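Everything on this sheet refers to the single structure shown next.
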Amino acid sequence: MTERRILVGRAFMFAQFHSADYLACRFEIRRGKDVIAHARQSGTTFGGIVNRVEELGYKAIPTVSAVAPPGGLVDYDF
């Protein structure tokens, strides 16, 4: 039987247009196996998705996780 796999990743930020604060270097970026390891214990919606994928017998294939705290617009030059 072919292994069942699903690609997982996330990009999350909340921008407030009235804030002068830019998020340039404040993204927390994880890649590869670290995405899955962190998600499993995070207590986040993404963590719940990863845990459920594995409970259903799929292998979670990690991509990237990029998360920034609430703030201003993203500085696209970072």
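I'm trying to understand the selection: among the residues of the range 50-65, which are open to solvent by 50 Å² or more (accessible area, probe 1.4 Å), β-branched (Val, Ile, Thr) and more than 18 Å from GLU28 (Cβ to Cβ)?
ILE61
Every residue, every condition in (1) at pLDDT 90 or above; (2) among the β-branched types (Val, Ile, Thr); (3) under 10 Å from the mean Cα position of the chain (by Cα); (4) open to solvent by 70 Å² or more (accessible area, probe 1.4 Å), yes or no:
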{"site": "PHE12", "(1), (2), (3), (4)": "no, no, yes, yes"}
{"site": "ALA37", "(1), (2), (3), (4)": "yes, no, no, no"}
{"site": "ARG40", "(1), (2), (3), (4)": "yes, no, no, yes"}
{"site": "ASP77", "(1), (2), (3), (4)": "no, no, no, yes"}
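Restricting attention to the range 50-66, which residues are among the hydrophobic types (A, V, I, L, M, F, W, C) and within 24 Å of MET1 (Cα to Cα)?
Hits for the range 50-66 are VAL50, VAL53, LEU56, ALA60, ILE61.
The values are calculated or read from the model by the stated rules, or taken from the named source; none is laboratory data. Being a predicted model, the structure only gives us computed values, none of them experimental. Every residue, glycine as well, gets a Cβ built from its backbone with ideal geometry; the counts of neighbours run over all protein chains shown. Remember, those area values only see protein heavy atoms, side chains included, never the ligands or the DNA or RNA. Shrake-Rupley method; radii C 1.70, N 1.55, O 1.52, S 1.80 Å.
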